[in-house]
Amino acid sequence: MKDLVTAFTRFASHEAKNNSPLYEYWSQRIQTDEQLLNLIMHIPKSQPKPNLFFGAVQYLSAQIETPLKQLFENPNVVDLEESFQLLTDFCTQHSDELLKLFQTKSVQTNEVQRGSYLYPIFSEIAEEAKLPLTLMEIGTSAGLLLNLDGYRYEIEQEPSISFGNENSPLTVFAKNYGAPLTSVKNLNILHRIGIDLNIIDLQDSDEYLWLKSLIWPEQIRRKENLDQARAIHPHYPKLLLTGDFRKLIPSLFESHEFKNSQIIIFHTHVANQFSATLKSELLTLLQQLSHIQSIYHVYNNMEDKDLHVDFIDAGITKTIKIFQNTDGHGKFFCWN
């Protein structure tokens, strides 16, 4: 129980604060609500409990005519104390459905706005390698970040800069608080491969509702971005594989299909769900595979929250860049 309280304390102060007044307030109140804590305790240890709990509540309430559904649709005009009472009433009435969701759903956000910093990172890698790219994403969810060259990006800095697909119906906005980006060249992506234990099918209305329910209620633009990215998604062919990356990635390398491209293996806000053993196995696997072909590894949440860019070749790992203060939802980053 103590660990659960700590999780919601941290979620309120580090994640929801300045991002979701509703989830921040609920997280503060949940810390002392024994009934809700006992319910949330049933979420598997591998899942970030605040995210899964709030996602499950939003998902279930969207399918029922309830005051909580109306609250999620208009989150900026709610009485916070009254909203918490609606939450506790809803959880009491629908505890069985929530318990089932805790066991059958997982946190699989697919935040296209992270492309605001991934795109220029990949562009730099392509310039260095002088090769087209093969993208492999671990924890790909629906695979929307594999389409990052299908979006347009507006970066607020001095001077401002735009890049990406100028004709895209989706424009991603972000702020760069670091060194100004001066030139971001278009990407040439030969192969797009996504790996996940559970691939989200965007054409399935139920799975799409779950993905949308993981977005915090006040973040209307994120939901609009998801709608637009969903429409773009079919225009970028990709290979989406269901299963354990430890088995799937080696088989991909063995095919030698990617020898005329630079492989980038990336994952953002996924490794926080990995055990220490799994993290170690991933790093060992990449070192082994780099004897077949060099790899750029772009990631966070392995040993810290920073975004890392490593180059791995012949079993040797070299740190290329480390980005600090990168927003989890891609709203801002600090280039260097």
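The values are calculated or read from the model by the stated rules, or taken from the named source; none is laboratory data. Because the structure is a prediction, the values reported are computed rather than measured. Note that each Cβ is placed from the backbone with ideal geometry, even for glycine, and that neighbours are counted across all protein chains shown. Accessible surface areas use protein heavy atoms only, side chains included; no ligands, DNA or RNA. Shrake-Rupley method; radii C 1.70, N 1.55, O 1.52, S 1.80 Å.
Where helices (runs of 4 or more DSSP H) fall entirely within the stretch 193-298, those with at least 2 residues that are basic (Lys, Arg) are at 220-232, 245-254.
Considering only residues of the stretch 233-258 that are among the aliphatic types (A, V, I, L, M) and under 27 Å from LEU170 (Cα atoms), which is most open to solvent (accessible area, probe 1.4 Å)? Spell out the reasoning first.
Our first condition is that a residue be among the aliphatic types (A, V, I, L, M); within the stretch 233-258, this holds for 239-241, 248-249, 252.
Narrowing the set further to residues that are under 27 Å from LEU170 (Cα atoms) leaves 239-241.
Working: LEU239: 81, LEU240: 58, LEU241: 38 Å².
Taking the candidates together, the pick is LEU239.
In the set (1) modelled with pLDDT of 95 or more; (2) within 25 Å of ILE138 (Cα to Cα), LEU60 fails one condition alone, (2). Considering LEU148, LEU187, the condition of being assigned to a loop (DSSP other than H, G, I, E, B) and either free of Cβ contacts under 8 Å to residues at least 12 places away in the same chain or touching a helix residue (DSSP H, G or I) at 6+ places or on another chain (Cβ under 6 Å) (or both) is satisfied by LEU187 alone. Listed by first and then second residue, the pairs linking a residue in the stretch 302-331 that is over 15 Å from LEU286 (Cβ atoms) to a residue that is loosely packed, with under 14 Cβ neighbours inside 10 Å and polar (S, T, N, Q), with Cβ atoms under 7 Å apart and 6 or more places separating them unless they lie on different chains, are ASP306/GLN324; LYS321/ASN336; PHE323/ASN336. Checking each residue in the stretch 1-34 for being of a type in the set (A, V, I, L, M) and in contact (Cβ under 8 Å) with a residue 40 or more places away in the chain picks out MET1, LEU4, ALA7, ALA16, LEU22. The residues in the stretch 76-102 that are open to solvent by 50 Å² or more (accessible area, probe 1.4 Å) and under 28 Å from ASN225 (Cα atoms) can be counted, and the count is 4. Note on the stretch 61-119: residues that are in contact with a Lys or Arg (Cβ under 7 Å, 6 or more places away or on another chain) and either among the basic types (Lys, Arg) or more than 25 Å from ASN198 (Cα to Cα) (or both) amount to 1. Count of the stretch 126-145 residues, restricted to those that are within 23 Å of SER183 (Cβ to Cβ), open to solvent by 10 Å² or more (accessible area, probe 1.4 Å) and touching a residue at least 12 places away in the same chain (Cβ under 8 Å), is 5. Of all residues in the stretch 305-320, those satisfying the criterion of being in contact with a strand residue (DSSP E or B) (Cβ under 9 Å, 6 or more places away or on another chain), open to solvent by 50 Å² or more (accessible area, probe 1.4 Å) and not basic (Lys, Arg) are PHE311, ASP313, THR317, THR319, ILE320. One residue stands out in the stretch 325-336 among those that are in a loop (DSSP other than H, G, I, E, B) and farther than 21 Å from PHE274 by Cα: the one that is most open to solvent (accessible area, probe 1.4 Å), namely ASN325.
Looking across the stretch 179-208, the residues that are among the β-branched types (Val, Ile, Thr) and either open to solvent by less than 40 Å² (accessible area, probe 1.4 Å) or at positive phi (or both) come down to VAL184, ILE189, ILE193, ILE195, ILE199, ILE200. Tally the residues that are open to solvent by 60 Å² or more (accessible area, probe 1.4 Å), of a type in the set (A, V, I, L, M) and closer than 30 Å to ASN51 by Cβ, restricting the search to the stretch 264-298. Selection size over the stretch 264-298: 2. GLU73 satisfies every condition listed in (1) open to solvent by 20 Å² or more (accessible area, probe 1.4 Å); (2) more than 24 Å from the chain's Cα centre (by Cα) except (2).
Remark: pairs (first residue in the stretch 75-97, modelled with pLDDT of 95 or more; second residue open to solvent by 80 Å² or more (accessible area, probe 1.4 Å); Cβ separation under 8 Å; 6+ apart in sequence or on different chains) = THR88/GLN35; CYS91/GLN35; THR92/GLN35. Screening SER261 against (1) small (Gly, Ala, Ser); (2) touching a residue at least 12 places away in the same chain (Cβ under 8 Å); (3) surrounded by fewer than 19 Cβ atoms within 10 Å (Cβ to Cβ) leaves a single unmet condition, (3). Go through the stretch 124-145 and report how many residues are part of a loop (DSSP other than H, G, I, E, B), more than 18 Å from the chain's Cα centre (by Cα) and closer than 25 Å to ARG246 by Cα. Total satisfying the criteria: 1.
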